[in-house]
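Laboratory data are not the source of any read-out in this text; all were calculated from the coordinates shown. Computed from a predicted structure; not experimentally measured. Note that we place each Cβ from the backbone using ideal geometry, even for glycine, and neighbour counts take in every protein chain shown.
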Amino acid sequence: MARKGYVGVVDQAVVSVGNFITCVLLGRFAAPEEYGLFVIVWTTIMIALAIQNALICTPMSVIGIQRKENTSYWGSMLLAQVFLCIGICIVIITAGMMVYGVSPASFTVSSHFSLIAAATFSCLSLLGQEFFRRLLIINLNLKDTLFTDLVASTIRLGGLFSLYFMGILDTVSSLFIIGFGSLVGALLVYNRSHMTIRLRREGLWLDITESWRFGRWVMAEMLPYVLSVQGYIYLTAFIIGARETAALGASQNILNATNILILSLTNIVTPVASKKYADGGSTALSNLMIKAGILSAVPILGFYSITMIFSEEILVLVYKQNYAGYGVLLVICCVYYIFSYFNRLLQIVLYARKKPNVGFFAKSASLFFMAILAYPLISNHGVYGAAFGTIISQIVIFIGYVLYLAGAGKSENNS
């Protein structure tokens, strides 16, 4: 398990470094207005991936791992994945058409329809790659996952650097390159995972409905989270403009370097935590999460602390002078990421206990505060107000998680 965990961390490093370098290249060499547009599109793609994670990947990690014979379950989830991709594709195209003509002038590109096509292609390719990738991870086939992610990231970064040296690095071309790399990755991962998938009519509807009953609560908690946290990205863009959105995205991208560990923690520990809880109850789950928390906290919180101390210097180092003077913004974002890290640990515990509905109520509460505070914060304090609003959202979620787990612990002790 330790060796597989190491390979999993390396694999997540490949994915996270690829995303990090992608955003750094655009943030460093593209105009702030152009990068602001990319931040909006990239945030939208990340939301689509979050929807997939809620409805498909998380149920696979929790329900599929507990089944003795799960090849037919993977086939059912593949069919659900196809319909989900069709729905997301329709939403992206429709939203892109609706935004046309009403988006800020600073977001205008040479061809709006090229942007829609690039965003749709990139999104669908990433969704396909992630589905088969997570299937390999759940089955602990991490070496194949690492190989395919290395190939996909090499194609993406090679293409982006080529665009830079040719002087044509922009949002549309970058999205097409990202999509092509992910498409190759999806095909490679499928080639290594399709033997574990069997599509059968018997039990198909039962598989999908069971996953829906679980995933709908993950989805329900994800939507308020997107609106209460990621919504600040969209509101900053439409209230203030592209440059301020770019500054917020650039600050968050630096801190996304910790995704190497945080996403590895989620992808690897979630199915293990679910198994521990099913076999050994709360005690086994607590012991696992304490160990996982200690191992991950030192590098993650250490990185955030160093970033807070040298915020201005790090911004200039990564993005040259494009976002000089936004050091305080980066510090505020660090506080947000600290609370987000602790919330991720608590979320794994809730998923293992099959209580994703708790996240729904906690994140709905954060959405309530966001609805009240977002506009006055951004209008009066600009992008700094938006960053501070994300902290409030994370604090509300944290309080909700802690209150539930404290109450559940008392109930188990009394019983």
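The table for this structure:
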{"item": "Which listed pairs, of 275/354; 276/354; 276/355; 276/363, have C-alpha distances above 19 Å, in listed order", "result": "276/363"}
{"item": "Span-like helix ranges in the chain, DSSP H, alpha carbon extent 18 angstrom or more, Kyte mean at least 1.6", "result": "71-99, 327-352"}
{"item": "For the range 2-414, diffusion coefficient by Stokes-Einstein and Kirkwood Rh (Cα), 4 °C, 1.567 mPa s, µm²/s", "result": "59 µm²/s"}
{"item": "Efficiency of FRET from Cβ geometry, residue 164 and residue 403, R₀ 45 Å, rounded to 0.05", "result": "0.40"}
{"item": "Cleavage-rule hits, GluC sites (Glu not before Pro), the range 196-273, DSSP coil, Cβ neighbours within 10 Å at most 10", "result": "202"}
{"item": "Residues 370, 46 arranged by fewest to most Cβ contacts within 10 Å", "result": "46, 370"}
{"item": "Cα-based Kirkwood hydrodynamic radius, the range 111-263, one decimal, Å", "result": "18.3 Å"}
{"item": "Reachable aspartates and glutamates from residue 320, criterion Cα separation under 19 angstrom, eight or more residues apart if same chain", "result": "33, 34, 170, 244, 312"}
{"item": "Theoretical ellipticity at 222 nm over the chain - DSSP helices of four or more residues, -39500 (n - 2.57) apiece, nearest 500", "result": "-29500 deg cm²/dmol"}
{"item": "D (Stokes-Einstein, µm²/s), Kirkwood Cα radius, the range 343-392, 0.692 mPa s at 37 °C", "result": "271 µm²/s"}
{"item": "C-alpha center-to-center spacing [the range 316-394, the range 111-186] in angstrom", "result": "27 Å"}
{"item": "Sorted by Cβ neighbour density within 10 Å, fewest at the top, the residues 112, 381", "result": "381, 112"}
{"item": "Hydrodynamic radius by Kirkwood, which averages 1/r over all alpha carbon pairs of the range 266-415, in angstrom", "result": "17.3 Å"}
{"item": "Stokes-Einstein D (µm²/s) once Rh is taken as the Kirkwood radius of the range 34-95 over alpha-carbon pairs, at 37 °C in 0.692 mPa s", "result": "250 µm²/s"}
{"item": "Point-to-point label distance, residue 205-residue 191, nm (Cα→Cβ direction, 7 Å offset)", "result": "3.8 nm"}
